[in-house]
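To start, the structure itself, in structure tokens.
The values are calculated or read from the model by the stated rules, or taken from the named source; none is laboratory data. Please read these numbers as outputs of a predicted model, since none were measured by experiment. Cβ placement follows ideal geometry from the backbone for every residue including glycine, while neighbour counts extend to all protein chains displayed. Side chains are part of the model used for accessible areas, which takes the heavy atoms of the whole protein and leaves out ligands, DNA and RNA. Shrake-Rupley method; radii C 1.70, N 1.55, O 1.52, S 1.80 Å.
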Amino acid sequence: MNVGLWAEIRRLAEIEKLSGWAISRRLHCSRHTVAAALRLDQPPAREGARRASLLDPHKAKINALVAKCPELSAVRICEEIGRGPDGYQGSTFLIRRYLRTIRPARGRVYQEVHYEPAQAMQVDWGECGCVQIGTTTRKVSVFVAVLCHSRLMFIEFTLSQHKAEFYRGVVHALNFFGGSPRAIIFDNLKAAVLNGSGRAACFHPEFLALCGTYCLQPIACERRDPESKGIVEGGVRYVKHNALAGRAEELTCFEDYLALAPLWRDQVANVRRHETTREQPIDRFQHERSLLRPLPAIPFDTDEVVPAVVTPHARIEFDGNRYSTPPQWVRRPVTIRASRDEIRVLHEGQVVAQHARSYQRGQLIVLPDHRLAALTVSRRSRSTALEHAFDALGPEARQFHLRLRSQPVKTGVHLRRLLGLAQLYGATEVLSAMSRALELAAYDAAYVENLLLAERRRRHLPTPTLPTPRRRELIDEIQLDPADPALYDRFCTHTEEHPHGTT
């Protein structure tokens, strides 16, 4: 008997006052069914017909095995009950389904934790796919920090999860919050935990220095226990599902990620109505702000410091790239200090090279001064003296010298000719002509001379000439000041008439 039939029999008997015989005729059922339905005060329970199972004869043995070894797997139990001629011949699916009914449910029971204002913040990393930087594909990560009481969130996108990036993210988060809470909660990442986990964790000395600078108590979660920092875990999911979802066409380069982080943080994440607190994080933070500990006057140094040795090619290697150094530091130990945007090379505390940081891989970054210095060192002493004299003319001369090195010409011949022009025309005019030649990408002494002659013709000036004595050795010992041809320009201009009418 189903519930619908029971309900209709009761209605016909109580409302329409039909007899049992009339009800049975109308509903086409037995009079005994009508009588049974009228005897029930509650709807009949639905009982499906239970079919016999291959496992029924073996359930007693299964119960005994589970009582003896609660963690015994379904495969092992199948092996045990399958022995002998009367053993179990079915599949393990029936065993697993039966074990779910006799074993206690697995899983932890969680308790919601309440945090006081300025008590703690939780930090964690999240992976956000890849981005193309030049010819290199780099993984994008997001650093997330959340104040546990107000749920105020800070996010920052990076191209790695290295130790320096983690420390930099913590410092930037504290600067954004305007103070430090009493504790920081994190998982067992290598930048913070050397070994162990939870209360037995051995912390990284540099991370302890960071915590000491901002008076933070480090709290490490147990291994494989992400629920211990569920607030920031939810924050990472929120970043992936809200900030990044559906923005693949907008996030085409890493600069787009950097621009998205503060915009989404201030206009979406921290002004939304939080599902747990039922308040906006920015509103709850107003009460928490005054309870945060003020930041120290001297912030923690988050630069990545790496020892290195300058290669014979005057290069240092860092993050998959090679950077140039002055040649005098070849084969000497140096220290690399890398910030987010800059690479500095130091020797005994002195900065010997400075580069903009590249996030591509396999790149060679060489400064023009370093290339010129390396080329100068490799020449003979006679050529070195000639190059020093030419470079002393000015920065335009050094740049022209560097460009001249890249041409398939004899550099010394052009340098001697240009020094002769400087003696004839003066350094100022020659430097101006070389600057014009650099703009036109014409790296040749003859071209510079043509520019000088064209300029003097434009100014209606004669071409100066040097004396060429037959016996030059007679005047080699004479010491004269460098000639200034400009002194003679006044003889080539029109003079004013004399008061008496003469010129």
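Quick rundown of the values:
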| quantity | calculated |
| --- | --- |
| Qualifying positions in region 190-216 - open to solvent by 60 Å² or more (accessible area, probe 1.4 Å), farther than 19 Å from Trp125 by Cβ and free of Cβ contacts under 8 Å to residues at least 24 places away in the same chain | Asn195, Arg199, Ala200, Pro205, Leu208 |
| Of residues in region 116-171 being without any contact (Cβ under 8 Å) to a residue 60 or more places away in the chain and part of a loop (DSSP other than H, G, I, E, B), the one surrounded by the fewest Cβ atoms within 10 Å (Cβ to Cβ) | Glu116 |
| Leu292 vs. criteria over 21 Å from the mean Cα position of the chain (by Cα) and modelled with pLDDT under 90 | no |
| Any hit, region 94-103, residues being surrounded by fewer than 20 Cβ atoms within 10 Å (Cβ to Cβ), at pLDDT below 95, of a type outside the set (A, V, I, L, M, F, W, C) and closer than 27 Å to Phe203 by Cα | no |
| Residue within region 451-472 that is modelled with pLDDT under 80, over 25 Å from Asp391 (Cβ atoms), open to solvent by 50 Å² or more (accessible area, probe 1.4 Å) and assigned to a helix (DSSP H, G or I) present | yes |
| Entirely in region 336-430, the helices (runs of 4 or more DSSP H) that have 2 or more residues that are out of contact with any strand residue (DSSP E or B) (no Cβ under 7 Å at 6 or more places or on another chain), touching a residue at least 40 places away in the same chain (Cβ under 8 Å) and not hydroxyl-bearing (Ser, Thr, Tyr) | 368-377, 395-405, 411-425 |
| Counted residues, region 241-262 - those being under 26 Å from Gln360 (Cβ atoms) and open to solvent by 50 Å² or more (accessible area, probe 1.4 Å) | 9 |
| Top-ranked residue in region 305-324 [being among the hydroxyl-bearing types (Ser, Thr, Tyr) and farther than 19 Å from Ser160 by Cβ; ranked as nearest to the chain's Cα centre (by Cα)] | Ser324 |
| Out of Ala389, Ala373, sole residue that is small (Gly, Ala, Ser), farther than 19 Å from Ala308 by Cα and crowded, with 17+ Cβ neighbours inside 10 Å | Ala373 |
| Residue check, Gly420 open to solvent by less than 80 Å² (accessible area, probe 1.4 Å) and at pLDDT below 85 | no |
| Members of region 263-302 found to be assigned to a loop (DSSP other than H, G, I, E, B) and in contact with a helix residue (DSSP H, G or I) (Cβ under 7 Å, 6 or more places away or on another chain), listed by number | Asn270, Val271, His274, Thr277, Leu292, Leu295, Pro296, Pro299, Phe300, Thr302 |
